[in-house]
There are 2 protein chains.
Amino acid sequence: MVFYIIGLGLGNEKDISVKGYEVIQKCEEIYLEAYTSILGVQKEKLEEFYKKKIIEADRDMCEQKIDDILENLSKTPERNVAFLVVGDPFCATTHSDLYLRAVQLKIPVEIIHNASIINAIGCTGCQVYRFGECVSIPYFTEKWKPMSFYPKLLANKKQNLHTLCLLDIKVKERSEENLIKGKDIFEPPRFMSCKEAVEQLYECAQAQKDNNSEDYIAENTKCFGVARVGFENQLIVSGTLKDFLNIDMGSPLHSFVVCADELHPIEEEMYNHYHFSNQKNTQQLQQQQ
Amino acid sequence: MVFYIIGLGLGNEKDISVKGYEVIQKCEEIYLEAYTSILGVQKEKLEEFYKKKIIEADRDMCEQKIDDILENLSKTPERNVAFLVVGDPFCATTHSDLYLRAVQLKIPVEIIHNASIINAIGCTGCQVYRFGECVSIPYFTEKWKPMSFYPKLLANKKQNLHTLCLLDIKVKERSEENLIKGKDIFEPPRFMSCKEAVEQLYECAQAQKDNNSEDYIAENTKCFGVARVGFENQLIVSGTLKDFLNIDMGSPLHSFVVCADELHPIEEEMYNHYHFSNQKNTQQLQQQQ
């Protein structure tokens, strides 16, 4: 009896490790965590590749029904269960929690690591060692504009560090109306684009200016937008913060990097290589798509 | 003609992705970068698994002979070359440089991501989003004690962030004497242990005290030592900085985490779970070894 938490990596069904693939073959039950990130392929594609049935686990299941799954497992020592996670198993707090719940039930847990955006962001050429604290940018609404991520960005900048910005994902969210009425009607999924993120960064800068602070991310700050990292049609584009108001990175998932003020020579070269105005490069990228 | 840079992940030959494995099968030349990190298995094991011959690429080859390899490739459009890297392709600056050199020669480059310590460190339960700048701790010598990493640790702590400390690796190093004499006699490889790292952190703290600074990492700071992450005999241990003066983590590779002053409830639980004094847990870990 083992509870396996397996990272699927970022792209498609073949980004799983050979070890992960082999482990799945000896599991009786396979769950796919499907709300903290998305893979470049559908569940059906995974099922076909593994030749196994997969059960999708949404937020409710991960947070509430998982105890039942684990308790069942603890009572059936001949079974193995796999819990598949996009990226790396420990890229979300939920998964540490899951690990601990299994341990408490004395279920042996094995972790199979994989790439996640936290390390794959190195594809921009920004050195992974020069990133400060990672931030998550949530969708602003009319009434609710949580800007607590912004001071973190400023703190990283002050220390001459890059910032990886993870952009909001809204999956299986209910409208305020449906929530009040207790109706399980879900809004269509939303994935924040680099453009939307930058618009919100402008709002934050404006709020700083309104407070007479001169501490904000300047328009000419060098940035990277990445879309669909690890997918076949991955896109990496560099430009200033302002440039990104007009750059369409295409379909999800997007992430965004606000660079340190000083770039190392190789980072600078990578920045120039991926610059949106670099026609040769754009052609190359389009070919990839 | 494609130049593939393929991440091997952290553990053994089966941590490569299915995609990576398939790509290697269509490559005529395969290089293994063997000086910025180590895998849990020898080159021969990889060769057996891939059924392919592998050429080991040391620092000299990566920095000097790689141009020849790439130029050869650019002249033979029917060939593919794979460059294997422990962890993720972009976990070292060398590899961004490699990417750029290939691009300059108009060679299509494909990257195949994998886990690296940068994201796999989440296995401690410390949230990957709460890490500040990563530091590298170099071996001190009698005459040379570079402490520039220490202020970074203090800065992270001040922001209530964890710090991942990568520990020095000395592979194919020549003694001062042999260097002067121009002799290619290499010292045995050295891998800094958690214990050695902590001893050096104590030296840094003492230097701070000698300068009448009260800003240093206190003895009771919570820490995690990790050894052989992703290997079958992986070890995760928590304790205070002082505890680690007496904890033997076994064979390489080690990394070390200096925790933020405040731990989130789940981080705290994971800290307790992995605590060195936790007998039940130690037994479990020994079984794994």
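The values are calculated or read from the model by the stated rules, or taken from the named source; none is laboratory data. For clarity, every value in this text was computed on a predicted model and none was experimentally measured. So basically every Cβ, Gly included, is an ideal-geometry build from the backbone, and we count neighbours across all protein chains shown.
When B:LEU161, B:LEU154 are checked against the criterion of being in contact (Cβ under 8 Å) with a residue 12 or more places away in the chain, touching an Asp or Glu at 6+ places or on another chain (Cβ under 6 Å) and crowded, with 21+ Cβ neighbours inside 10 Å, a single residue qualifies: B:LEU161. Inspect all residues belonging to the stretch B:123-139 and state whether any of them is in a loop (DSSP other than H, G, I, E, B) and over 22 Å from A:THR163 (Cα atoms). Checked the stretch B:123-139: at least one residue is in a loop (DSSP other than H, G, I, E, B) and over 22 Å from A:THR163 (Cα atoms). Within the stretch A:246-259, does at least one residue satisfy the condition of being β-branched (Val, Ile, Thr), part of a strand (DSSP E or B) and within 28 Å of B:ASP97 (Cα to Cα)? Yes, some residue in the stretch A:246-259 is β-branched (Val, Ile, Thr), part of a strand (DSSP E or B) and within 28 Å of B:ASP97 (Cα to Cα). For B:ASN178, the conditions (1) modelled with pLDDT of 95 or more; (2) outside any loop (DSSP other than H, G, I, E, B); (3) away from every other protein chain (no Cβ under 14 Å) are fulfilled apart from (1).
Just so you know, in the stretch B:91-101 the residues that are facing chain A (nearest Cβ under 8 Å) and modelled with pLDDT of 90 or more include one that is surrounded by the most Cβ atoms within 10 Å (Cβ to Cβ), and it is B:TYR99.
The residue list B:ASN233, B:ASN220 contains one member that is out of contact with any helix residue (DSSP H, G or I) (no Cβ under 7 Å at 6 or more places or on another chain) and not in a helix (DSSP H, G or I), which is B:ASN220.
Just one residue in the set A:GLN25, A:GLN42 is of a type outside the set (Asp, Glu), modelled with pLDDT under 95 and either surrounded by fewer than 19 Cβ atoms within 10 Å (Cβ to Cβ) or in the same structural domain as A:GLY230 (by the TED database) (or both); that residue is A:GLN42. Just checking, which of A:ILE121, A:ILE107, A:ILE137 is in contact with a Leu (Cβ under 7 Å, 6 or more places away or on another chain), surrounded by 21 or more Cβ atoms within 10 Å (Cβ to Cβ), more than 9 Å from every other protein chain (Cβ to nearest Cβ) and of a type in the set (A, V, I, L, M)? After applying the criteria, what remains is A:ILE137. Any residue at all in the stretch B:79-87 that's in a loop (DSSP other than H, G, I, E, B) and free of Cβ contacts under 8 Å to residues at least 12 places away in the same chain? Checked the stretch B:79-87: no residue is in a loop (DSSP other than H, G, I, E, B) and free of Cβ contacts under 8 Å to residues at least 12 places away in the same chain. When we screen A:VAL41, A:VAL23 for residues that are within 14 Å of chain B (Cβ to nearest Cβ), assigned to a loop (DSSP other than H, G, I, E, B) and either farther than 22 Å from B:ILE111 by Cβ or β-branched (Val, Ile, Thr) (or both), the only hit is A:VAL41. Within the stretch A:102-124, residues that are under 18 Å from A:SER74 (Cα atoms) sit with their Cβ atoms under 9 Å from residues that are part of a helix (DSSP H, G or I) and among the charged types (D, E, K, R), at 6+ positions apart or across chains, in these pairs: A:LEU105/A:ASP67; A:LEU105/A:GLU71; A:ILE107/A:ARG101.
Scanning the stretch B:32-55 for residues that are in contact with a strand residue (DSSP E or B) (Cβ under 8 Å, 6 or more places away or on another chain), of a type in the set (Lys, Arg) and in contact (Cβ under 8 Å) with a residue 24 or more places away in the chain turns up just one, B:LYS52. Please tell me if B:GLU78 is surrounded by fewer than 20 Cβ atoms within 10 Å (Cβ to Cβ), within 14 Å of another protein chain (Cβ to nearest Cβ) and more than 25 Å from A:ALA115 (Cα to Cα). No.
The residues of the stretch A:74-117 that are charged (D, E, K, R) and touching a His at 6+ places or on another chain (Cβ under 6 Å) amount to a single one, A:ASP88.
Among the residues of the stretch B:237-257, the ones that are buried (at least 23 other Cβ atoms within 10 Å of the Cβ) and of a type in the set (D, E, K, R) come to 0 in all.
Only a single item in (1) over 24 Å from B:SER17 (Cα atoms); (2) assigned to a loop (DSSP other than H, G, I, E, B); (3) at the interface with chain A (Cβ under 9 Å from one of its Cβ atoms) is not met by B:GLU142, and it is number (3). If B:LEU201 meets every condition in (1) among the aliphatic types (A, V, I, L, M); (2) within 14 Å of B:CYS165 (Cβ to Cβ); (3) assigned to a loop (DSSP other than H, G, I, E, B) apart from one, which number is that one? Only one criterion in (1) among the aliphatic types (A, V, I, L, M); (2) within 14 Å of B:CYS165 (Cβ to Cβ); (3) assigned to a loop (DSSP other than H, G, I, E, B) is unmet by B:LEU201, namely (3).
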